[in-house]
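Below is one structure, written out as structure tokens, with a few remarks after it.
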Amino acid sequence: MDKQVTSTRIQKDMELFEPFTQTPGQGITRLPFSIEVRKCVDVLTKRMERAGLTVREDVAGNLIGRLEGSEPDAPALVIGSHFDSVKSGGNFDGMAGIIVGIEIVRMLRDSGTKLRNPIEIMGTHDEEGMRFGTGFFGTKAMMGEIDDEYLLRLKDSDGVSLYDAMICYGLSPDKIKDAARDYQKEIAAFIEVHIEQGPVLENSGTQLGLVNSIVGMQRYLVTVTGRPDHAGTTPMDMRIDAMECASKLISRMSDWAKEAGGEGTVATVGFVQAAPNAMNIIAQEVIFSVDVRSKEACRIDQIVGNMCAELEAVCSEKGATFKIDEKLKVPPASLDEKLLAMLAKSCCKLGLSHMHMPSGAGHDSLQTAPKIDTAMVFVPSKNGRSHCPEEWTEYSDLANAAHLVYDTLVSNYTHSTSKEAHF
Ligand code: HGY
Ligand code: MN
Ligand code: MN
């Protein structure tokens, strides 16, 4: 299998998706259930069909291309990642994992190899949580973890519910439970190829990362409510200033993360919104996001506990009120040792340098890992950058990942290989 051919085909596919953005010239913005996602999914469907896959869109808006194996009743090997993006992000975050999956299907076709198991290439919807503040919607739906309450409760900044956004997109949210898979029976493994989004592989000159753990995450939207007053005539001791209260919290988040310590422990306030948002009016309301992660759940709980206690203290001292909306709560995950051992063996066979590493970013694999044997393969990110227009990964690095996963599947899931491999 010629790696140059693979790299060229991946590049051709990846470049097809660059135009599907709400922010042309300022990176990729492809929000869930948007026209940009619809255009992306339409082209993805064609590319999957061209590679010989039978394609369907599930009720959650995930795209699933399937190629039967020699044992059609065997559980599927799913290779997937997301097609939605952050705001002004890069073209590789998510998409790269789907395109590498399609290339692996082309490689199987070109080599005339039939796996025992069906293979499914999956594009997931709303992994980033950029519009509704959540995350991993498509895989949560596949795992049967989404209900009507969830769809109606979550709203975007225009007040549009996830439920209504799905209807506008052409889906039937009332049937969300149909997106759930009987994963014990239907899925043997979930493999996600993803850009590292950090500097480790590039700095160490390593070609591939075999991810053995993913941080847990908790996401909240905090609303502090004070009282709007004249900025000039209201004495400092008569104010109920929502911005003063919120800023005391926001400034403590990074200290609490450093105090909690531990591998991958971080806390981020990425979004702040004030109302009425005027220079000469004391802020009535401040809404801010909180994103806390760590390899150990107890450290996340410690930081969130600090936040709740401080909110209570500051707001009662100032006479303000607050509310905390939980948007996401997912425990840390360890990835499947058997799959990782297979991948490491194939790396050695192919002469690809590799290292085991944790992921500080959340991924669809974080949702599947607790219940489906899951592995992730990282490829280097240029200057460790991601979630910005500067995000870049060499197509030759994606070709390495395609060859690695192809070799792992062929070495462990064809008739000529041992039956006991993995399921
Ligand atoms: O936020 C993350 O870690 C991922 O990009 N969804
Ligand atoms: Mn991302
Ligand atoms: Mn991603």
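Rule-based calculations on the coordinates, nothing more; no lab input. Quick caveat: nothing in here was measured; it's all calculated off a predicted structure. Cβ atoms come from the backbone with ideal geometry, glycine included; neighbour counts cover every protein chain shown.
For the chain, what does the helix formula give at 222 nm: sum of -39500 (n - 2.57) over DSSP H segments with n ≥ 4, over the residue count, nearest 500 deg cm²/dmol?
Computed ellipticity for the chain at 222 nm equals -11500 deg cm²/dmol.
With contacts taken as Cα pairs under 8 Å at a separation of at least 6 residues, the chain carries a relative contact order of 22 percent. In order along the stretch 152-165, the phi-based Karplus estimate (6.51 cos²θ - 1.76 cosθ + 1.60, θ = phi - 60°) of 3J(HN,Hα) comes to 7, 6, 7, 10, 8, 5, 9, x, 7, 6, 4, 4, 5, 4 Hz; Gly and Pro are listed as x. For the pair I324 and C388, label points projected 7 Å from Cα toward Cβ lie 3.1 nm apart. Pairs K258/K318; K177/K248; K248/K382; K185/K323; K3/K114; K12/K114: which exceed 32 Å Cα-Cα? Pairs exceeding 32 Å: K177/K248; K248/K382; K185/K323.
Here the residues C245, C168, ranked from fewest to most Cβ neighbours within 10 Å of their Cβ, fall in the order C168, C245.
Per residue, how big is the convex hull around the C-alpha atoms of the stretch 234-356? Give it to me in cubic angstrom, could you?
Spread over its residues, the Cα hull of the stretch 234-356 gives 140 Å³ apiece.
Relative to the dominant Cα principal axis of the chain, helix 337-350 is inclined by about 60°. Most tightly packed first, judged by the mean number of other beta-carbon atoms within 10 Å of their residues, the peptides 119-126, 380-387, 319-326, 206-213 read 119-126, 206-213, 380-387, 319-326.
Which percent, to the nearest 5, of DSSP beta bridges fully inside the chain are antiparallel?
Working: 43 of 65 bridges.
Counting only bridges with both partners in the chain, antiparallel ones make up about 65 percent.
Backbone geometry of the stretch 141-147 corresponds, through the Karplus equation with coefficients 6.51, -1.76 and 1.60 at θ = phi - 60°, to 3J(HN,Hα) couplings of 5, 5, 7, x, 9, 10, 10 Hz, x marking Gly and Pro.
Taking neighbour Cβ counts within 10 Å as the exposure measure, how do D291, D255 sort from fewest upward? Provide the component values of the computation, followed by the final result.
Numbers: D291 21, D255 12.
Sorted ascending by nearby Cβ count, the order is D255, D291.
Checking every one of the trypsin sites (Lys or Arg not before Pro) in the stretch 1-91 against DSSP loop status and a limit of 13 other Cβ atoms within 10 Å picks out no site at all.
Given all pairs of different Cα atoms, what value in angstroms does the Kirkwood hydrodynamic radius of the stretch 40-161 take? Before the final figure, lay out the partial values.
Working: mean 1/r = 0.0652 Å⁻¹.
Roughly 15.3 Å, rounded to one decimal.
Below 8 Å between Cα atoms, with a sequence gap of 6+, how large is the relative contact order for the stretch 264-415 in percent? The partial results should precede the final answer.
On the way: 124 pairs, mean separation 25.6, N = 152.
Across the stretch 264-415, relative contact order equals 17 percent.
A simple packing score, the average count of other Cβ atoms within 10 Å per residue, orders the peptides 128-134, 157-163 as 128-134, 157-163, with the highest score first.
Can you tell me the 0 to 90 degree angle between the C-alpha axis of helix 3-16 and the longest principal axis of the chain, rounded to 10? It works out to around 40 degrees. Hey, what angle do you get for helix 35-50 against the long axis of the chain, alpha-carbon based, 0 to 90 degrees rounded to 10? The angle comes out near 10 degrees.
Sequence-distant contacts, meaning Cα pairs under 8 Å at least 6 residues apart, place the relative contact order of the stretch 238-333 at 32 percent.
Computed log10 I(q)/I(0) for the chain at 0.14 Å⁻¹: -1.26, from the Debye equation with unit scatterers placed on every C-alpha and solvent omitted. Sorting R299, R109, R252, R219 by the number of Cβ atoms found within 10 Å of their own Cβ, with the fewest placed first, yields R109, R252, R219, R299.
For the pair the stretch 68-107 and the stretch 372-410, the centres of their Cα atoms are 11 angstrom apart.
Over all distinct Cα pairs, what is the inverse of the mean 1/r for the stretch 297-423, reported as the Kirkwood hydrodynamic radius in Å? Could you put the intermediate results ahead of the total?
Numbers: mean 1/r = 0.0543 Å⁻¹.
Computed over the stretch 297-423, the radius equals 18.4 Å.
GNM remark for the chain: springs join alpha carbons under 10 Å apart, and the peak mean-square fluctuation among S289, S70, S359 falls on S70. Couplings 3J(HN,Hα) for the stretch 321-331, derived from phi with the Karplus relation 6.51 cos²θ - 1.76 cosθ + 1.60 (θ = phi - 60°), are 10, 8, 9, 10, 9, 6, 9, 7, 8, 9, x Hz, where x marks Gly and Pro.
Taking amide H atoms as placed 1.01 Å from N in the peptide plane, the amide H of M217 lies under 5 Å from those of V330, each 5 or more residues away in sequence or on another chain. Between H356 and A297, the modelled labels are 2.2 nm apart [label points 7 Å from Cα along Cα→Cβ].
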